[in-house]
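The values are calculated or read from the model by the stated rules, or taken from the named source; none is laboratory data. Remember, it's a predicted structure, so these values are computed and weren't measured experimentally. Here Cβ is always computed from backbone atoms with ideal geometry, including for glycine, and neighbour counts include all displayed protein chains. Only protein heavy atoms, including side chains, enter the accessible area calculation; ligands, DNA and RNA are left aside. Shrake-Rupley method; radii C 1.70, N 1.55, O 1.52, S 1.80 Å.
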Amino acid sequence: MSDDHTSQAIGAYGGRLAALNPTPTIDAIASEGVVMKNAFCQNAICTPSRASIMTGQSSAVNGVPTLGGRLPVDKQYLAHEMKNAGYQTAVIGKWHLKELPEAFDYYKVLPGQGNYFDPIFKDIEGTETIKWRKFEIKNGTRMKGHSSDCIADSALEWFKNKRNTGKPFFLKLHFKAPHDMFEYAPRYESYLNDVTIPEPENMRDRKNNGSIATRGYNNELEPYIGTSIGRRNPRRNYTKSGAWVKNLDHTKSDEAIHGDAYQAYMKAYLRCVKGVDDNLKRVVDYLKANNLYDNTVIIYTGDQGFYLGEHDYMDKRWAYEESMRMPFIVRYPETIKPAQIDAIVENIDYAPTMLDFAGVETPKYMHGKSFKTILETGKEPEDAKKAAYYHYWMHMTSHDNPGHIAIRTKKYKLIQFYGTPLKGDTPQTPPGWELYDLEKDPTEDNNVYDNLEYQTIIADLKIQLKDLRKQYGEDDPKFSFNKVIDEYWDYNASDKKKAIQISHDYLKKVKANMYINNPKKNHGKH
């Protein structure tokens, strides 16, 4: 698994970047296996997604809905179940679940996000006490070089010197790259130098994507909701963050620097991706040389998707396709034939599926269900999932995304923005609804929630959404924001009127706060 490696940046998924060939190793695995086209995360942010993969549970139940969540050893279910099934278990690279992964037989993991260069690891065999940022790392190990190289080196060291050849193994190999801020190894400096990266069609023209919840009444909140590639969001955008900023010509117009920032960050991102792919090849080559390649289930994924300029957004978090969709590729020639499959699966299903390959029935405490049969037959059984659920809990933190929930079927996506903090019961940003007809509008450029032709579909989707929320424990009244979700569920004329006033009030608040924080910079500007 890589961090923030989105399906748009994997050749096997096609799209505008496929011709750049950034992932030949991953594509080779995909050509001999299954590419899941509709794999989704329930909460597109690092820690919650990783927790759902480890537990097979929703964020509401596993207790890790935000970046601040912790996954204690007793809840590291996937490792426990694999060990009980007779597997030697290991996790190497990015962990990001706060508590040590002590349910594994072996671990060597980055503290927090870790460093791109000269990384420090929390190592079950480490002997050093190392100061890292504000923390003291006990049982630490230092390595020199780029993290992708160091993580692959550590995996190869485990294979060569620590693996018990008398037992089957379960290894979670997790790269830090290509997480923001995209610090790549120097050897990739010339990669894509003379290439112009194609822009997404909806980067400069956001069309009818969004609603009052994401753009404000009459677009009055456009600069303040959702961080951007260009200067739309003055607080955080790629013209003012990233190693490439010093090379941008800041005297250029908004339109011109928008394109420059996009080119610079995309090249940095893809250079990180290239480093992951090259290091993955080293591991694959070892598996091939040691007769392990064909009898090992190999899965490649990211912890969620990521924005590569679509809708002028950066990062992830939104319920839109680019961040909700995860890459998920599986190779196991013994039972899996090459195919592209559009069955809907979620990250809570990953643990049950891996356990199924290991001969373990899905534990009753997991929400997810195995899709091993779908991988092996290419066919969806009668009880296959009809929809994916989504909930982003971290209202307006880091990248200015409002809290929201969503349901995604093969044909439609319905989103409710409730705009309320984790422990709040009053919306801070305007509540609103969005509906996208994915057959007619796969890039989600046209919100049709107010189109009368879709009212029956909306009513049905709301029933399904409510059922999923109950199934996953998300409707629990202990979560105070559920009061707002219920209050704005029908979204009648009165609700819309209140949303307009909330939009006006939030605009006043943001402007006042910007002036107070930096009066010289912001005076007369916003």
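Observations on the model:
- Condition check for residue 49 on (1) among the small types (Gly, Ala, Ser); (2) closer than 29 Å to residue 192 by Cα; (3) crowded, with 17+ Cβ neighbours inside 10 Å: one failure, at (2).
- The residues on offer are 279, 218, and the sole one that is open to solvent by 10 Å² or more (accessible area, probe 1.4 Å) and farther than 23 Å from residue 443 by Cβ is 218.
- Of the helices (runs of 4 or more DSSP H) lying entirely inside region 1-107, those containing at least 3 residues that are within 14 Å of the chain's Cα centre (by Cα) span 46-55.
- Per-region count, region 433-467, residues open to solvent by 70 Å² or more (accessible area, probe 1.4 Å) and in a loop (DSSP other than H, G, I, E, B): 4
- Residue within region 92-105 that is over 21 Å from residue 303 (Cβ atoms), in contact (Cβ under 8 Å) with a residue 12 or more places away in the chain and either in contact with a Lys or Arg (Cβ under 6 Å, 6 or more places away or on another chain) or crowded, with 23+ Cβ neighbours inside 10 Å (or both) present: no
- Restricting 379, 337, 386 to those that are among the basic types (Lys, Arg), within 22 Å of residue 44 (Cα to Cα) and surrounded by fewer than 16 Cβ atoms within 10 Å (Cβ to Cβ) reduces the list to 386.
- Failed condition for residue 71, given (1) open to solvent by 20 Å² or more (accessible area, probe 1.4 Å); (2) free of Cβ contacts under 8 Å to residues at least 40 places away in the same chain: (1)
- Residues located in region 483-522, provided they are outside any helix (DSSP H, G or I), surrounded by fewer than 15 Cβ atoms within 10 Å (Cβ to Cβ) and modelled with pLDDT of 95 or more: 490, 492
- Residue selected from region 115-148 under the condition part of a loop (DSSP other than H, G, I, E, B) and small (Gly, Ala, Ser), by the criterion surrounded by the fewest Cβ atoms within 10 Å (Cβ to Cβ): 145
- Hey, residue 199 open to solvent by 80 Å² or more (accessible area, probe 1.4 Å) and either more than 15 Å from residue 505 (Cα to Cα) or of a type in the set (Gly, Ala, Ser) (or both) or not: no
- For residue 371, the requirement of being modelled with pLDDT of 95 or more, buried (at least 21 other Cβ atoms within 10 Å of the Cβ) and over 20 Å from the mean Cα position of the chain (by Cα) is met.
- Residues of region 447-488 classified as within 14 Å of residue 419 (Cβ to Cβ), touching a residue at least 60 places away in the same chain (Cβ under 8 Å) and out of contact with any Asp or Glu (no Cβ under 6 Å at 6 or more places or on another chain), total: 3
- Within region 163-187, being basic (Lys, Arg), more than 15 Å from residue 280 (Cα to Cα) and open to solvent by less than 60 Å² (accessible area, probe 1.4 Å) holds for one residue alone: 163.
- Residue match in region 423-432 (condition: at pLDDT 95 or above, of a type outside the set (D, E, K, R), within 15 Å of residue 211 (Cα to Cα) and outside any loop (DSSP other than H, G, I, E, B)): yes
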